[in-house]
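What follows is one structure encoded as structure tokens, with my remarks underneath.
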Amino acid sequence: MRDVSASAPGKLMLLGEHAVVYGYPCIVSTVNKRISVTVKKTLNKQAFSDSIYVMTSVRMFIEKYHSGSSFSITTSSDFSPTLGLGSSSAVTVATLKALTAYFDIALSEKEIFDLALKVVRKIHREASGFDVAAAVYGGTIYYKIERPVEKLPERKMPLLVVYSGIKADTSTLVNQVARQKKYNPAKVNNIFSQIGDLVKMACDAYNKFDWSRLGMLFNKNHQLLVELGVSSEKLNALVETAIKSGAYGAKLSGAGGGDCIIVLYKNNQKEKLIKVLTNSGGQILDVL
Ligand code: MEV
């Protein structure tokens with residue numbers, strides 16, 4: 001068998017985080033950084049990268065397709081897993097794509113998505129799968145659990161991605177929201193339903209290149225995430241700095257607690273925003 005490599009992109013949550021876990025829609029985009037996986041024939045043993053996502057992908061792939069010759073798997077990434085850009089979903093999808101190519105098994109995108117989602121949910125039961133969908137389908141997508149993925153038209157958004165310098169732990173934050181939902185369902189359901197509504201409006205603004213309206217929806221989404229209790233002082237400070245400096249809008253992106261914020265900027269403000277956000281301790285990421 002010949003050596004095979006495959007890759008998948010990282011992601012950026014645009015709007016709808018947390019609510020998506022409970023069946024509301026979100027919008028997610030891929031970044032221009034990828035993870036590559038190579039499957040190689042080995043003489044007498046299977047040797048894998050020590051990523052739990054790679055190991056679980058291999059195990060579930062072998063269980064499903066009964067393919068079991070000796071091979072090794074190596075990975076390489078364009079981006080650090082600490083940034084919150086979806087390295088787990090990207091490495092899972094890239095591994096499954098490489099394995100299907102190596103064993104000459106033709107799978108549709110939907111079949112890769114279903115298997116990758118199973119892998120990811122073996123490790124994080126609560127995962128919505130939005131990042132898996134981004135890694136499989138690419139581009140900008142409207143995602144809702146158990147609904148066909150809707151690809152949105154390509155738009156070059158005036159977007160900055162700013163790392164807060166703090167690594168977020170998605171599971172901790174998702175569990176924290178689940179506890180809140182249990183103790184105060186009315187409040188949390190109300191937040192989710194507002195997030196769901198604004199994601200739909202955001203789709204329309206995105207389709208129409210209406211960055212001013214999309215920015216306003218970013219701000220609203222961020223406020224709802226603050227009410228949900230998943231933001232942090234650092235994230236709020238970066239978002240406020242961006243808005244005060246004239247951005248259309250800004251919000252945390254992902255689970256909260258840390259990772260990145262995203263900023264929609266007016267064209268003549270990009271350099272100024274880069275300066276003030278860097279001075280406020282943010283790290284501008286070149287991922288779009
Ligand atoms: C984390 O990046 C986004 C969450 O909505 C979790 C998920 O969708 O799986 C918080």
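Take region 86-141 and flag every residue that is under 19 Å from LEU12 (Cα atoms), of a type in the set (A, V, I, L, M) and within 14 Å of the ligand (Cβ to nearest atom).
If the condition is that a residue be under 19 Å from LEU12 (Cα atoms), of a type in the set (A, V, I, L, M) and within 14 Å of the ligand (Cβ to nearest atom), then ALA90, ALA116, LEU117, VAL120, ALA127, VAL132, ALA133, ALA134, ALA135, ILE141 are the ones that fit.
I need the full set of residues from region 164-186 which are exposed (fewer than 13 other Cβ atoms within 10 Å of the Cβ) and over 21 Å from the mean Cα position of the chain (by Cα), in order please.
ARG179, LYS182, TYR183, ASN184, PRO185, ALA186
Within region 30-50, does at least one residue satisfy the condition of being free of Cβ contacts under 8 Å to residues at least 24 places away in the same chain and either of a type in the set (Val, Ile, Thr) or not in a strand (DSSP E or B) (or both)? Spell out how you get there, then give the answer.
Within region 30-50, the first condition is being free of Cβ contacts under 8 Å to residues at least 24 places away in the same chain, and the residues that meet it are 50.
Cutting the leftovers down to either of a type in the set (Val, Ile, Thr) or not in a strand (DSSP E or B) (or both) gives us 50.
Checking region 30-50: at least one residue is free of Cβ contacts under 8 Å to residues at least 24 places away in the same chain and either of a type in the set (Val, Ile, Thr) or not in a strand (DSSP E or B) (or both).
Out of the residues in region 198-212 that are free of Cβ contacts under 8 Å to residues at least 40 places away in the same chain and within 17 Å of LYS156 (Cβ to Cβ), which is nearest to the chain's Cα centre (by Cα)? It would help to see each step written out before you state the result.
Step one: filter region 198-212 for residues free of Cβ contacts under 8 Å to residues at least 40 places away in the same chain, giving 201, 204-205, 208, 210, 212.
Cutting the leftovers down to within 17 Å of LYS156 (Cβ to Cβ) gives us 205, 208, 210, 212.
Working: ALA205: 21, LYS208: 23, ASP210: 23, SER212: 23 Å.
Residue satisfying both the conditions and the ranking: ALA205.
Tell me the residue from ILE243, ILE191, ILE195 that is within 16 Å of the ligand (Cβ to nearest atom), touching a residue at least 24 places away in the same chain (Cβ under 8 Å) and either surrounded by fewer than 22 Cβ atoms within 10 Å (Cβ to Cβ) or more than 25 Å from GLY10 (Cα to Cα) (or both), please. Don't jump to the end; show me each part of the working.
Values: ILE243 fails: within 16 Å of the ligand (Cβ to nearest atom); ILE195 fails: either surrounded by fewer than 22 Cβ atoms within 10 Å (Cβ to Cβ) or more than 25 Å from GLY10 (Cα to Cα) (or both).
After ruling out the rest, the residue left standing is ILE191.
List pairs: first in region 160-179 and among the aromatic types (Phe, Trp, Tyr), second surrounded by 14 or more Cβ atoms within 10 Å (Cβ to Cβ) and assigned to a helix (DSSP H, G or I), Cβ under 8 Å, 6+ apart or cross-chain?
Sorted first by the residue in region 160-179, then by its partner, the pairs are TYR163/LEU83.
Residues of region 218-240 being among the β-branched types (Val, Ile, Thr) and open to solvent by less than 10 Å² (accessible area, probe 1.4 Å), which ones? Before you say what the answer is, go through the steps one by one.
At the first step, the residues of region 218-240 found to be among the β-branched types (Val, Ile, Thr) are 226, 230, 239.
Result: VAL230, VAL239.
Of all residues in region 19-35, how many are near the ligand (Cβ under 8 Å from one of its atoms) and open to solvent by less than 10 Å² (accessible area, probe 1.4 Å)?
Counting residues in region 19-35 that are near the ligand (Cβ under 8 Å from one of its atoms) and open to solvent by less than 10 Å² (accessible area, probe 1.4 Å) gives 3.
What residue, of LEU99, LEU15, is within 21 Å of GLY258 (Cβ to Cβ), of a type outside the set (Asp, Glu) and surrounded by 15 or more Cβ atoms within 10 Å (Cβ to Cβ)? Spell out the reasoning first.
Working: LEU99 fails: within 21 Å of GLY258 (Cβ to Cβ).
Within the list LEU99, LEU15, the selection yields LEU15.
The values are calculated or read from the model by the stated rules, or taken from the named source; none is laboratory data. These figures come from a predicted structure and were not determined experimentally. A quick note on method: Cβ atoms are made from the backbone with ideal geometry, for glycine too, and the neighbour counts reach across all protein chains shown. Heavy atoms of the whole protein, side chains included, go into the accessibility calculation; ligands, DNA and RNA do not. Shrake-Rupley method; radii C 1.70, N 1.55, O 1.52, S 1.80 Å.
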